[in-house]
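Presented below is the structure to which this report refers.
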Amino acid sequence: MLTVEQMKDLRGKKVYVRVDFNVPQKDGVIRDDNRIRAALPTLKFLADAGARLLVMSHLGKIKWKEPDAEKIEAMKKANNLECAAKRLGELIDHPVKFCPENRGEALAEAVAGLKDGEILVAQNTRYQKGEEKNDPELAKEWASLVDAFVMDAFGSAHRAHASTVGVPEVLKKEGKQVALGYLMIKEVENLSRCVEPKEGDHPYVAILGGFKVSDKIKVIDSLLEKCDKVLIGGAMTYTFKKALGMPVGNSPVEEDMLDYARACLEKAKGRLILPIDAVITNSFEPVAGREIKVVATDVTKGGSIPDGYEGCDVGPATRELYAKEIASAKLLFWNGPVGVFEQDEFQAGTKAVCEAIKALGGKAFTVCGGGDSASAVKQFGYKDIFSHVSTGGGASLEMIENDGHLPGVDVLR
Ligand code: ADP
Ligand code: MG
């Protein structure tokens, strides 16, 4: 695969750069500009080399199925990409312009007017109905505006849309250069290691938490094949516990996943580790006077969760057990908070996992992937202890699920 650094003759060349500027914002006020910053190395490299950049990204969601045209207009207005273009202009030493259109005459003229080293951010790709359908006409039009394509939107690389897959497909057929940007290279390299561990990467330990077993089936399957230990946490714990016959009270359980959970436990032959205690409550909502306590949940020792209570975090014995397992790791992949980290009362488990990973120092290669996992790690101030925290929630999981394949990467091969 070609990388942005290997691209030739960039001066004066028009390059379509797909970035992930899907930033959290309201009324154009950006709450966190990390994603814009993450694209800077690629944009700077290309602009410094004298390329003329057409930068595109999606922002938020536009539900095209909505029959009320006024509501569609409101969704568009709420997801105007102009704020990201403005922010980019503040962060980079190159002229940044914004084109409020992303198709037709206005866009073509704006691209044609670019000078060497200038950047044009076009309107949110999702303003086009054809974007998510990978409409060939749309991809053709976008491709016709440029001489080359660079993919740097890792967070969108699991989606085969016109702006991520359609455009490079067209350009490739025309013999034009299509390449991976710096952010993509970093993400793909680091996550690939979790897909294909190197020699010396064992024990390979995974921590898998989060909400639903059904969301994570392919991740569990894939990790069970590669890992020496898979530590389970989060709400999905209780589906596994119930599969083992333990009473779980009001804890969230996916009844239709019980057979799958049993099959996993069988296949894992002791490599799938479940919590041995839980922090439980009689009210998920933080109402005054709710009860919170710790109970043993070791099935072999008759542990259980009483009726009227639900598990919201791993308990202290599990925190210790998991810390020991983590301490043995040479390679570690973490997805999914092990408790309801949004509430102070149920943060201890997720924080303990962070602490245990911190204690590894540089002795292991550690990767965190997943939207909520990454935000928990950031929120608790542990971002820098990891070898890599992925910027892509869904994309990082799909890479693990699909043995390192992503549509937005495969198209560049
Ligand atoms: P990621 O985005 O990192 O892949 P998920 O979306 O699968 O993670 O899961 C994150 C959510 O899981 C969080 O909102 C967290 O509150 C929730 N969660 C974790 N443990 C529990 C639990 N025991 N009960 C209910 N929700 C939980
Ligand atoms: Mg999530």
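Here are some notes:
- Think of segment 293-413 as having a plus end and a minus end, set by charges on the Cβ of Lys, Arg, Asp and Glu; of G361, G408, V338, G361 sits farthest toward the positive end of this dipole.
- S192 exposes around 40 Å² of accessible area when a 1.4 Å probe is run over every protein chain in place.
- Highest-MSF residue in the chain out of E355, E73, E141 [GNM, Cα springs under 10 Å]: E73
- Straight-distance crosslink candidates among aspartates and glutamates, where the alpha carbon sits under 19 Å from K229 and sequence neighbours closer than 8 are dropped: E196, E199, D201, D221, E266, D277, D298, E320, E325, E355, E401, D403
- L412 exposes around 10 Å² of accessible area when a 1.4 Å probe is run over every protein chain in place.
- Only protein heavy atoms count here; under a 1.4 Å probe, Y382 has an accessible surface of about 30 Å².
- Dipole in debye (nearest 20) - segment 6-106, about Cα centre, beta carbon charges: Lys, Arg +1; Asp, Glu -1: 300 debye
- Proximal lysines to K76, defined as alpha-carbon separation beneath 26 angstrom and excluding residues fewer than eight positions away on the same chain: K26, K61, K63, K65, K86, K97, K129, K133, K140
- Among beta bridges that DSSP assigns inside the chain, antiparallel share in %, nearest 5: 20 percent
- Separation between Cα centres of segment 262-281 and segment 372-391, rounded to whole Å: 25 Å
- Solvent exposure ordering (accessible area, 1.4 Å, most first) of T350, T391: T391, T350
- Antiparallel DSSP beta bridges within segment 4-180, percent to nearest 5: 10 percent
- Under a Gaussian network description of the chain, with springs only between Cα atoms under 10 Å, the residue in A323, A74, A157 that fluctuates furthest is A74.
- Dipole of the chain [Lys/Arg +1, Asp/Glu -1 at C-beta], most positive-end residue of T350, V19, S283: V19
- Candidate residues E199, E325: accessible-area rank, largest first, probe 1.4 Å: E199, E325
- Whole-Å distance, taken between Cα centres, linking segment 32-103 and segment 321-354: 35 Å
- Positive-end ranking of M246, Y322, I385 along the dipole of the chain, with charges on Cβ about the Cα centre, is headed by I385.
- Point-charge dipole on Cβ atoms (K/R +1, D/E -1) for segment 178-233, about Cα centre, debye to 20: 180 debye
- Heavy-atom accessible area ranking, 1.4 Å probe, most first, across I217, I280: I217, I280
- Just checking the listed ones, G233, G50, G104: in the Gaussian network model of the chain with Cα springs under 10 Å, the one fluctuating most is G104.
- Dipole magnitude of the chain, debye to nearest 20 (Cβ charges: Lys/Arg +1, Asp/Glu -1, about Cα centre): 660 debye
The values are calculated or read from the model by the stated rules, or taken from the named source; none is laboratory data. This is a predicted model, so every value here is computed, not measured. Cβ sites come from the backbone with ideal geometry, for glycine too, and all protein chains shown count toward neighbours. Please note that ligands, DNA and RNA were not included when accessible areas were found on the heavy atoms of the full protein model with its side chains. Shrake-Rupley method; radii C 1.70, N 1.55, O 1.52, S 1.80 Å.
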